[in-house]
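Here, each number is a calculation from the coordinates, and none is a lab measurement. These numbers come from a predicted model, not from an experiment. Note: ideal-geometry Cβ built from the backbone for every residue, glycine included; neighbour counts use all protein chains shown.
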Amino acid sequence: MEVKLLSARFDIKDAHLLEVAKAHGAYETLDKLFTMTPVQVMEEVKNSGLRGRGGAGFPTGVKWSFLPKNLDKPVYLAVNSDESEPATFKDRYILVKDPHMMIEGIIICCYAIGCHDAYIYIRGEYTSQVKILQKAVDEAYAAGYLGAAVGGKDFRLDVTVHRGAGAYICGEETALLESIEGKKGQPRSKPPFPAVVGLYDCPTIINNVQSIASLPFILANGADAYRVYGTEKSPGTHLFGISGHVEKPGMYELPLGQPLLEVIDKVAGGVWKGRKLKGIIPGGSSTPVLTPEEAKTVTLDYESMAAHKTMFGSGGIVVLDETVDIVKLVENLISFYHHESCGQCTPCREGLGWMLKIVKKLLAGDGGREDIDLLVELCDNIEMKTVCVLSAACTMPVRSYLNKFRHEFEAYAAEKASAKPDLREE
Amino acid sequence: MAEMVKLFVNGQEVAVEQGKNLIDALKVVGIEIPHFCYHPALGADGNCRMCLVGIEDGRPPLVPACKTPAMEGMKVLLDAEHIKKIQHDVLELELINHPIDCPVCDQAGECTLQDYYMTYSLDDSRRGVEPVKKGKRMDLGCGVVHDQERCVLCARCVRFTRQITRTGELGIVNRSDEARVAIFPGKPLDNRYALNIVDICPVGAMTSSDFRFRQRVWFLKKDEGICHGCSKGCNIYIDHHREKYKDDMIYRFRARTNLQVNGYFICDEGRLSYHRENENRQSQTRVDGGVVGFEEGIKAFRSRLDTARKPLMLLSADCTLEQMWAVKRIANLYGAGLSGYSDASVLPGDGDDYLIQDDKAANRKGLELLGIDSSKESFMAALQDADLLVNFNNDLFFSNINDELRPLLDSKECIAVCSHARKLFEKAAIIIPTASYSEYGGTIVNGDGVLQLFRKAVTKNDDPHDILEITRLLGGAIVDAARAWPGIRQSVAVLSAVQPEQIPAEGLKLQSSEEPHVGS
Ligand SMILES: Cc1cc2nc3c(=O)[nH]c(=O)nc-3n(C[C@H](O)[C@H](O)[C@H](O)COP(=O)(O)O)c2cc1C
Ligand code: SF4
Ligand code: SF4
Ligand code: SF4
Ligand code: FES
């Protein structure tokens, strides 16, 4: 099942060093790149059907084409390396194992969109990763792949590595831009969209590390070669991070469209310790959970996930075995999103904290059934009323647990009913 | 003139200004969209989510009205059940960590949160968990006291210090429901407009140490006025109240919007200048040191004027056009000299490039318009000559530039018509108490040449006489403000068409007669 497009050089020792990467084909697409026009590059990427790997799956070439034409302002690229969604650990492999693949992708993207200043926004906690990345950027500068004349051609490109300070919200594209600008990382209201008003009020493209890193293959081999992998609407390959209760957790590159359960069994060694499957988080903690029954028909692509009322997300698959306490899982989940809420808009700021307290109350045995109903209602009251979708990243999965595992919540509520009489005065 | 567009609100057609955000655009036609964070002076921030409205056939179907420009044919949904539910739900979330200590909160009675709760919710609280604890009674500097728990984090105050004063003392620290407004350690508010924050805060999170706990706002009578703190003439509300068995007192000034004059704000000094209206007032009539009745004082005033060889009348540059006109007429009647010398009320360098002016007089332009000489030279010359100085509330010692004048002033007999007890007036032979600007009405022209009308707001138990009234008692013909206008119109070209009662709310910008004629 596994393929090695993006991960081709991952197993090569020291492939993060320019010398090694180059010996294995890095930067070979540049000659071809500069024989093409930017429009041709953009068309090739559009034809490949590459979809954004940051979670939303928006077609990359189409996003680029939203840039206004005939600009009198600079265009910026921000590569999103914030990778902070729980259960997501794919971009870090690219950053440390093959950063030159990403830098090559940045050159391709910038050439296509007419950008001369790109930023790589890397999460603050990636302290060792950032060193490897910065070294790669420095090496690329020294070798003339970045700087005043990229690959000796008349094309300037400067790349700046910008470190975050440790906030999940800075992975949201407009909060990321605020953060680069030196402000508090808070999402902006949209519209305007960053392709029109982005970094320093200039048109800006934000792409995920993996989206960018997919470009060298597409350019070298053509859109059709990329479409050999994956499905019609979800072409290509993806780096899946499989974690949780499996025998062989890890990062695996797979073509899209593979059956979920088969991947868990064959690639990740199946549910560990011979235990039974309780549920699967398909694409990072913000995606609604799948029951074993639902998982049977799911394939790893955007369409199948949507058909099962969940999301492909970031490819971070978490396997939950029968011992998992769903209410505790939900407590953990809300804790994270509550802690990471930027606090800007009312429903998310006040609502997630309230939800967390209600779950804690249930866990303490002080909650009742009405608290479960309140939780469901709060999910509805918060979701899509906010500036950004961080709130939805919390309420969507929480709602799925409340719906699919309600009995576990009720067990906590019931405990209370039998243990303590209701002493509230009405 | 902005272009008008037709759009539909709840199916009903309205004509509004194109491109204006929906909150402002619909307000003009009497439709309220609830909001906390939007403020016309600060723009839209989009954080409170109280203004979410539906746009039928729109993508996305829910938008913040504050960020949505009015467009032709737009179908806005405000009273649909799902929109009302959002307003209700956002309020519930706004209140979930709110202390709801309205009984001891200064804002109660003029609190957006309280008002919206009454309009959009009225539901019982579902708070079954402990609220977040935050800072109380925090001294942020400049007399601003902050309650973090009452704060709805609309960021108006933060944006004010960034966009208006550009001093940036405030920020919001922390994330999630731990977010709170704060200053940098050891760096309190430090600007001359800080108390506007109290006005723009939609809730009781920002209070003024000056006003805190002094009066429940629903007792206050809120009259419109004009600040006399400097020549800007900022528009204010004069909030005053007569407590049982006590006198009518002013409790605060607040900024009143006038886009032609002061925009949305006023300076702190002006705001706090209401104290001067309450305090240190001259209430007794005195003749040669003895307290007498007002009528007796006026009688003495008249007879001294009658017998004076060469009286000189001195006007304050704070007087209204009508008062100035009346005094000018009286000066004529008694063959007195007339001066508006008031250089002492100019503090060079004190003003800024925003509202505060160097000139602390409210109507210096009025003196100019009425052709009243205000030069030091002519005042000095006339004073040397005079045997009686009649001072209409002109505090020559407002600043110390006239210190050298003291011996000369002391050597002259003086009649003081004054609203306040001041050093300058102590030695006056006759002291006639008079009203201050919150107690009379009239017109003044600010430093930018904007003519504004204001009305009497405060009525004291022992209501002092306006200068106009005093000139009448001295035999003048101007019996009220209106009676001054035929004469003013006749003698001042730029005022020749002015009907004071028809001066627009934002004032009338006078065409300056000094403006050089350009071209042929
Ligand atoms: C709360 C939040 C966190 C996000 N974090 C990340 C992230 O860590 N990395 C990322 O690539 N995209 C993240 N995204 C998605 C970005 O906003 C954006 O859609 C993406 O970077 C676009 O790149 P793509 O089109 O290549 O996927 C996040 C979105 C939200 C709402
Ligand atoms: S939804 Fe949450 S994270 Fe997003 S802007 Fe609002 S408060 Fe911030
Ligand atoms: S801010 Fe408003 S709602 Fe809150 S305590 Fe004060 S008056 Fe009551
Ligand atoms: S203190 Fe008032 S103005 Fe400032 S953020 Fe809080 S509620 Fe808004
Ligand atoms: S007024 Fe529109 S979001 Fe606050």
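Modelled spin-label separation between A:D14 and B:Q499, with each label point placed 7 Å from Cα along the Cα-to-Cβ direction: 9.4 nm.
Given the rule -39500 (n - 2.57) for each run of at least 4 DSSP H residues, summed and divided by the residues of chain B, what is its mean residue ellipticity at 222 nm, to the nearest 500 deg cm²/dmol? Walk me through the numbers on the way to the answer.
Working: 15 runs with 118 residues, N = 520.
Calculated mean residue ellipticity at 222 nm is -6000 deg cm²/dmol.
In chain B, the sites counted are chymotrypsin sites (Phe, Trp or Tyr not before Pro) in DSSP loop states with at most 14 other Cβ atoms within 10 Å, and the longest stretch holding none of them, exclusive of the sites, is B:246-520.
Can you classify segment B:4-95 as rounded, prolate or oblate using the Cα gyration tensor, where a ≥ b ≥ c are the square roots of its eigenvalues, rounded means a/c under 1.5, and otherwise it's prolate if a/b beats b/c and oblate if not? Can you show the working numbers first?
Numbers: a/c = 1.83, a/b = 1.27, b/c = 1.44.
Verdict is oblate for segment B:4-95.
Where the only charges are on Cβ atoms (+1 Lys, Arg; -1 Asp, Glu), what is the dipole of chain A about its Cα centre, to the nearest 20 debye?
Working: 47 positive and 55 negative charges, 49 e Å.
The dipole of chain A has a size of about 240 debye.
Once the Cβ-Cβ distance of A:M1 and A:E410 is raised to the sixth power relative to R0 = 45 Å, the FRET efficiency obtained is 0.70.
Think of each Lys and Arg Cβ as +1 and each Asp and Glu Cβ as -1; about the Cα centre, that makes the dipole of segment A:229-331 roughly 180 debye. Using a cut-off of 19 Å between Cα atoms, the listed pairs B:K232/B:K376; A:K385/B:K134; A:K328/A:K357; A:K357/B:K134; A:K63/A:K190 include B:K232/B:K376; A:K385/B:K134 as exceeding that distance.
Going by a ≥ b ≥ c, the root eigenvalues of the Cα gyration tensor, does segment A:18-227 fall in the rounded group (a/c under 1.5), the prolate group (a/b larger than b/c) or the oblate group? Intermediate results must be reported in sequence, preceding the final value.
On the way: a/c = 1.41, a/b = 1.15, b/c = 1.23.
Rounded, because the longest to shortest axis ratio a/c is under 1.5.
Annotation: cysteines of chain A without a disulfide-compatible partner (Cβ-Cβ under 4.7 angstrom) are A:C109, A:C170, A:C202, A:C342, A:C345, A:C348, A:C379, A:C388, A:C394. Computed from the alpha carbon positions, the gyration tensor of segment B:387-508 leads to an equivalent ellipsoid with semi-axes of 29, 17, 16 Å, biggest first. Normalised by the number of residues in chain B, the mean separation of alpha-carbon contacts (under 8 Å, six or more apart) gives a relative contact order of 10 percent.
What is chain A's relative contact order, in percent, from Cα pairs under 8 angstrom and six or more apart in sequence?
Working: 844 pairs, mean separation 69.1, N = 426.
Once divided by the residue count of chain A, the mean separation gives 16 percent.
Legend: ranking of residues A:D14, A:D265, B:D343, B:D89 from fewest to most surrounding C-beta atoms inside 10 Å; resulting order A:D14, A:D265, B:D343, B:D89.
Cβ-to-Cβ counts within 10 Å put B:C142, B:C267 in ascending order as B:C142, B:C267, the fewest first. Counting neighbouring beta carbons within 10 Å and listing from fewest to most, the residues A:W354, A:W64, A:W272 come out as A:W272, A:W64, A:W354. In a fully extended conformation the segment linking A:D201 and A:A23 would gain 60.1 nm over its present Cα-Cα distance, using 0.36 nm per residue.
Subtracting the Cα-Cα distance of B:F294 and B:D306 from 0.36 nm times their residue separation leaves 2.5 nm of extension gain.
At R0 = 56 Å, how high is the FRET efficiency between A:E247 and B:R126 if r is their beta carbon distance? Nearest 0.05 is fine. Don't jump to the answer; show the numbers that get you there.
Details: r = 45 Å, r/R0 = 0.81.
My answer for the efficiency is 0.80.
Expressed in Å, the radius of gyration and Dmax of the Cα atoms of the protein assembly as shown are 36.7, 119. With 0.36 nm allotted per residue and the present C-alpha distance subtracted, the B:K423-B:Q284 stretch has 48.5 nm of extension available. The label point for A:V161 and the one for B:T119, both projected 7 Å from the Cα toward the Cβ, are 5.4 nm apart. Can you pull the one-decimal nm distance between simple spin-label points at A:S128 and B:E110, each 7 Å off the Cα toward Cβ? A separation of 6.1 nm, rounded to one decimal place.
Per residue, how big is the convex hull around the C-alpha atoms of segment B:305-429? Give it to me in cubic angstrom, could you? Present the calculation step by step, with values, prior to reporting the outcome.
Working: hull volume 13.5 nm³, N = 125.
Measuring per residue, one finds 108 Å³ for the Cα hull of segment B:305-429.
Hey, how many Å between the Cα centroid of segment B:351-429 and the Cα centroid of segment B:80-121? Taking the Cα centre of each part, segment B:351-429 and segment B:80-121 sit 53 Å apart. Taking a ≥ b ≥ c as the square roots of the eigenvalues of the alpha carbon gyration tensor, segment A:326-419 is prolate, as a/c is not under 1.5 and a/b beats b/c.
Computed FRET efficiency, Cβ-Cβ of B:L259 and B:A482, R0 25 Å: what is it to the nearest 0.05?
0.35
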